[in-house]
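Chemist: A single structure is presented below for examination.
The values are calculated or read from the model by the stated rules, or taken from the named source; none is laboratory data. These numbers come from a predicted model, not from an experiment. Every residue, glycine as well, gets a Cβ built from its backbone with ideal geometry; the counts of neighbours run over all protein chains shown.
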Amino acid sequence: MTIEREDFLEKVGVCLIGCGGISRSHFRAYAQIKEASLVAVVDIDENRALAAQEEFGAHHHFTDYTRALESDEVDMVDICLPTHLHAEAAVAAAQSGKHILTEKPIALTLEDADRMSRAASEAGVKFTVGFGLRFSTRMMKFAQLVREGALGRPVVFRVVNSRRAPSNPWYTDAKKGGGPVIDKAVHTYDICRYLFGSSEALAEPTSVYATTARFQETHSAIDTASAVVNFDSGDSLAMLLSWGLPPDAKATSIQDAIGPQGHLAFGAPPEVTKDVDTRKYSFITLTGGKEPTYHKFESNSHMKDQLHSFIKAIIEDTEPVVTAYDGRRALEMGLAILESGRTGRVFKFTHK
């Protein structure tokens, strides 16, 4: 079913499904987007749904999203549910003629990702996945420097992030959240495709080798992984990720890139930033020449810009920046890391 509107859509009616922790950043962003109207909020806990309605000014609240989908006021849904619930909500929304934004990751399985994409395509509605780094001025400046050859090629993007698990246990449940390799790192997989790509096409993974572990017995999902992912651009991702540390452990985080011509990192030394409003501006430092180069840029709210971009795509009837394919590809990379860790073998990707 293709949705046709006789009137020009000036405001998009939003229904947000799932009023948990991540929803608050979505609510705050919608409040800053003049083309968005928060029509409905949904949560199985009615007290939480009512609290969200009252705090953020939604017109209605529901405990069952199928009731919200019956409303002609709703043009799009924003799915902020635990990952294992994404597919059913997205398919129901598509079948009701609503455009769909789902938090990352798209789903836990490729089958569910395909089912969601197919439902949106058959209904003629737009579909996107919440990869906020694609809208971050910080990451886009970093990518611009890489793409322009500041480091030469090949480039290795390095990510180290280790911490205790999120407090909500569904994140580390293999059948609900999938653990950090699926939930957290999909941001990294997607941004690597952009970082190593070009204006013509994003890069595609070619192979991965990983080792995986479960540090905490209470986690059914893999909570720790190290992986090297190679791309068709000749570049690679080197990642160490864990949600298995004890509460008081302190671990260093790294997010940078190296290449034959230098090193690219976020931030700058105090003597560079001392007279700058760091709430408004950020820096990236490039070393490798005779003197470091400091690149200053204006910071942004990537959540607001991400949601605004999708709303504009609905109003202007254009392709979303992040597509269902992008969501599926990132999920496929996470699943490949888990498979390589399970088998002890290199996983090779196929391109359809």
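Chemist: Can you spot a residue in region 179-197 that is surrounded by fewer than 18 Cβ atoms within 10 Å (Cβ to Cβ), more than 16 Å from VAL156 (Cα to Cα) and in contact with a Gly (Cβ under 8 Å, 6 or more places away or on another chain)?
Modeler: Taking every residue of region 179-197 in turn, none turns out to be surrounded by fewer than 18 Cβ atoms within 10 Å (Cβ to Cβ), more than 16 Å from VAL156 (Cα to Cα) and in contact with a Gly (Cβ under 8 Å, 6 or more places away or on another chain).
Chemist: Let me ask something else about it. Within region 68-148, considering only helices (runs of 4 or more DSSP H) that don't extend past its boundaries, which have at least 2 residues that are assigned by TED's automatic domain parsing to the domain that holds ARG28 and more than 18 Å from ALA185 (Cα to Cα)?
Modeler: Qualifying helices (runs of 4 or more DSSP H): 86-95, 110-123.
Chemist: Which condition number does VAL321 fail, the rest of (1) surrounded by fewer than 22 Cβ atoms within 10 Å (Cβ to Cβ); (2) outside any loop (DSSP other than H, G, I, E, B); (3) touching a Ser or Thr at 6+ places or on another chain (Cβ under 8 Å); (4) hydrophobic (A, V, I, L, M, F, W, C) being met?
Modeler: (2)
Chemist: Considering every residue within region 179-200, establish whether at least one is free of Cβ contacts under 8 Å to residues at least 60 places away in the same chain and of a type in the set (D, E, K, R).
Modeler: Yes, some residue in region 179-200 is free of Cβ contacts under 8 Å to residues at least 60 places away in the same chain and of a type in the set (D, E, K, R).
Chemist: Do the conditions hold for LYS184, that is, is it within 17 Å of the chain's Cα centre (by Cα), in a loop (DSSP other than H, G, I, E, B) and either modelled with pLDDT under 95 or in the same structural domain as ASP248 (by TED's automatic domain parsing) (or both)?
Modeler: Judged against the criteria, LYS184 is a match.
Chemist: Of the conditions (1) surrounded by 15 or more Cβ atoms within 10 Å (Cβ to Cβ); (2) β-branched (Val, Ile, Thr); (3) touching a Phe, Trp or Tyr at 6+ places or on another chain (Cβ under 9 Å), ILE314 clears all except one; give me its number.
Modeler: ILE314 satisfies every listed condition except (3).
Chemist: Just one of THR285, THR350 is in contact with a strand residue (DSSP E or B) (Cβ under 9 Å, 6 or more places away or on another chain) and of a type in the set (Val, Ile, Thr); which is it?
Modeler: Going through THR285, THR350 in turn, just one is in contact with a strand residue (DSSP E or B) (Cβ under 9 Å, 6 or more places away or on another chain) and of a type in the set (Val, Ile, Thr): THR285.
Chemist: Being more than 26 Å from ILE182 (Cβ to Cβ) and touching a Gly at 6+ places or on another chain (Cβ under 8 Å): is that true of LEU69 here?
Modeler: no
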